[in-house]
1. What spacing in nm lies between the two simple spin-label points modelled at Asp143 and Thr30, each 7 Å away from Cα in the Cβ direction?
2. Which FRET efficiency value, to the nearest 0.05, is calculated for Thr161 and Leu23 with the Förster distance at 45 angstrom and r the Cβ-Cβ distance?
3. Would you pull out the residues with amide H under 5 Å of Ala160's amide H, same chain only if 5 or more places away, H placed 1.01 Å from N?
4. Can you tell me the length gained on complete extension of the stretch Thr41 to Gln136, counting 0.36 nm per residue apart and subtracting the Cα distance?
5. Taking the Cα centroid of segment 122-179 and of segment 17-32, what is the distance between the two, rounded to the nearest whole Å?
Amino acid sequence: MAKQKPSDRRRGGASDEIGEPDLIPIMNLTFILIAGVLTMTSMAIGLISVQAPRLNSGDSSGPTDEPEEKEEEKKLNLTLFITDQGYNLAASGATLDGSSEGRPGEALFPKKGETYDYDALQRKLIEIKKVFKREQSVIIVADPDVLYDDIVQTMDAARATKDNKELFPAVAFSPGIVG
């Protein structure tokens, strides 16, 4: 590049112009950061094992000559509701809530202050597991206002006891309660 004379600079020569910045390196860096964030998010979400609920295929072969299923072999269809008041349970068409315990309108396991009663829930799930030994799945339904951390801790309480005995390892998550 040729040197300019001081007199050229006073007259507004070519050196007074400011060139446009090169945005390509910044755009490349932004693209790499977005790809990295998406990768890390997918890895973090992959750590929590959640299964989609299975739909019954509906065998249309008609009635069978087999005797009725034993109580242990019946599908429990255990559903755990997380509300802003606490926990409610439903299984095979019956709902266990505060109304069944003589406390109408309350949760079966009400919150302790601002926290959910994970221990009481786990004790009830242990009782249920003693009766339905072969049952592996539970469906968790949460209100939209329930915090993600509370949902994850509930899933952990439903999967295994504190001493790592298996309860209901196949946790399925369902959308929130409507209505």
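1. 4.1
2. 0.20
3. Result for Ala160 returns Leu167, Phe168.
4. My answer for the length gained is 31.4 nm.
5. The two parts, judged by their Cα centres, are 50 Å apart.
Quick note: the coordinates plus some simple rules give every number you see, no bench work behind them. These numbers come from a predicted model, not from an experiment. As a convention, Cβ positions derive from the backbone with ideal geometry for all residues, glycine included, and neighbour counts pool all protein chains shown.
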